Amino acid sequence: MDAPFGTFLLDEAIVIWRTSDGKAHAMKDLCIHRGTALSLGWLKDDCVVCPYHAWQYDRHGECILIPQAPGAKIPSKAKTPKYNCVEKFGIVWVAINEPVYNLPNIQEFNDKKWQFINTGPFEWDSDSSRQIENFTDFGHFPWVHPGLLGNPDRPLVPECKVQVKGSVLHYSIVRPEANNTNDFPIFANEKVVKPERKSVYELHLPYTIILRLGWGGEKGMIYFFTSQPISKNKCRGYCIVGRNYNLDEPESVIQDFEKVIFDQDKRIVESQRPQQVPFDLSEELHLKFDSVAINYRRTMKKEKLYY
């Protein structure tokens with residue numbers, strides 16, 4: 001990151017940048033002088049320089065240089081709010097207020113036996129809650145992803161029991177799946193008539209999922225997905241895919257596969273109304289196979305993690 005990067009979190013404009021030691025920092029994307037976006041500026045001497053009048057802001061959000069007033073005392077108001085910021089899994093995480101929960105762990109992430117591939121990001125005109133809930137929905141696989149994740153001849157969703165531990169939902173499911181296609185030979189299932197996949201999920205509230213896939217052997221996959229709540233009706237999903245096999249296969253195979261899957265989902269999810277998941281269970285109809293969504297909505301409401 002050799003320049004400031006501007007983005008939004010919960011409708012708040014944020015600028016992310018690095019100092020020369022490689023550490024990431026985040027603060028409000030606003031120069032107090034005339035309200036200019038600092039992300040349009042540049043980096044100099046470990047500071048973000050405003051593009052309008054070249055005021056310099058340090059890692060603490062303090063303005064330390066006003067070129068138009070050399071030698072003058074800098075007003076105490078000359079600053080912008082600094083936000084909590086950490087980097088993990090190659091993603092910069094920002095919390096506008098004090099973080100409520102710890103970030104999840106993936107023990108395999110630094111294991112050389114595993115390869116982790118960045119896919120996306122996937123920008124949707126929907127709330128992050130809809131994007132996350134879609135990731136947990138098993139019932140749509142045969143219809144939205146036929147031949148890739150499901151089969152219309154096998155529409156039944158196996159029983160799925162959800163265990164809620166604090167802010168994390170734990171659940172698993174074993175289901176038949178379609179064979180790999182010639183275009184996307186990414187899964188480690190054997191070429192048998194009815195391959196089965198075991199999927200073990202951790203849903204970390206509010207918008208992060210760790211999914212481990214297995215086929216009964218040593219080969220496995222790990223999906224790490226998190227959704228950035230840009231606003232109530234806009235989000236950006238980050239999906240990192242790990243595997244301990246086919247390490248010589250081009251990364252583009254998985255990247256292209258996920259683009260197809262997310263594009264198929266995007267069309268459906270962007271049509272949903274309201275764009276944010278209604279956390280009152282009475283507002284939509286739920287059946288037995290919706291157990292994950294029911295528990296997600298109930299726990300989000302209990303923890304008051306939506307706006």
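Read-outs: derived from the displayed coordinates by stated rules, not from any lab. Note that this is a predicted model, so its numbers are computed, not measured. Note: ideal-geometry Cβ built from the backbone for every residue, glycine included; neighbour counts use all protein chains shown.
Details
- Contour minus Cα-Cα distance for ARG154 and ASN97 (0.36 nm per residue): 16.0 nm
- Among the chymotrypsin sites (Phe, Trp or Tyr not before Pro) in segment 63-157, those placed in a DSSP loop whose Cβ has at most 15 other Cβ atoms within 10 Å are TYR101.
- Relative pair counts by distance (%), Cα atoms of the chain, 10 Å bins: 5, 24, 30, 22, 12, 6, 2, 0
- In straight-distance terms, cross-link reach from LYS234 covers every one of the lysines whose alpha-carbon lies under 17 Å from its own, apart from those fewer than eight places away in the same chain; here that gives LYS266.
- Projected-area mean, segment 38-195, by convex hull of Cα positions, square nanometres: 15.3 nm²
- Our coupling estimate for segment 104-119, obtained by passing each phi through the Karplus curve with A = 6.51, B = -1.76, C = 1.60 and θ = phi - 60°, is x, 10, 10, 4, 7, 4, 9, 8, 5, 6, 10, 10, 10, 10, 7, 10 Hz, Gly and Pro reported as x.
- Candidate cross-link partners of LYS112 among the lysines, defined by an alpha-carbon separation under 18 Å and a same-chain spacing of 8 or more, comprise LYS88, LYS219.
- At 1.002 mPa s and 20 °C, Stokes D of segment 5-95 from Kirkwood alpha-carbon radius, µm² per second: 162 µm²/s
- Full extension of the chain between TYR307 and PHE8 yields a length gain of 106.1 nm, computed as 0.36 nm times the residue separation minus the alpha carbon distance.
- Take every Cα pair under 8 Å whose residues are at least 6 apart in sequence, average their separation, divide by the length of segment 58-165, and the relative contact order is 11 percent.
- Taking a straight Cα-Cα cut-off under 13 Å and skipping sequence neighbours fewer than 8 places away in the same chain, the aspartates and glutamates within cross-link reach of LYS304 are ASP280.
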